[in-house]
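Peer 1: Before anything else, here's the structure in question.
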Amino acid sequence: MDKLIKAVQSQRENLEGYWKQLPADRKRKLVGYAFMLYCIITLIVIIQVIGQVGNNTQTVAIEHIENSVVKLQQEKK
């Protein structure tokens, strides 16, 4: 487990060093691309949810709710 933690920390430090060496305009472009990818994935998920809800053919029956107390009182009579 310690080897895994050290390997992950090493990779993280390498990525941080790479990120710090990038010019500001390149960082801005990469952040913009990541945000666009996030927006696209979000839209895909929203479209899928709308599609699943739109294809739902189940309906809820709306009926009168009977009061169980009144029903018990009527049975006692």
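Computed from the coordinates by the stated procedures, all read-outs in this text should not be read as laboratory data. Everything quoted here is computed from the prediction, not taken from an experiment. Counting neighbours? That spans all protein chains shown, and the Cβs are built from the backbone with ideal geometry, glycine included.
Peer 1: I'd like the distance separating the alpha-carbon centroids of region 62-77 and region 27-41, in whole Å.
Peer 2: Using only Cα atoms to place each centre, the spacing works out to 60 Å.
Peer 1: Per residue of the chain, what 222 nm ellipticity follows from adding -39500 (n - 2.57) for every DSSP H run with n ≥ 4, rounded to the nearest 500?
Peer 2: Computed ellipticity for the chain at 222 nm equals -27000 deg cm²/dmol.
Peer 1: Still on this structure, please answer the following. Lys/Arg Cβ at +1, Asp/Glu Cβ at -1, dipole of the chain taken about the Cα centre: which of VAL53, GLN9, VAL70 is farthest positive-ward?
Peer 2: GLN9
Peer 1: Here is a further query. Which longest run of the chain has no exposed loop site in it, a site being GluC sites (Glu not before Pro) in a DSSP loop with at most 10 other beta carbons within 10 Å, and the site itself not part of the run? Don't skip to the answer; put the middle values down first.
Peer 2: Details: sites that count: GLU63, GLU66.
The longest uninterrupted stretch comes out as 1-62.
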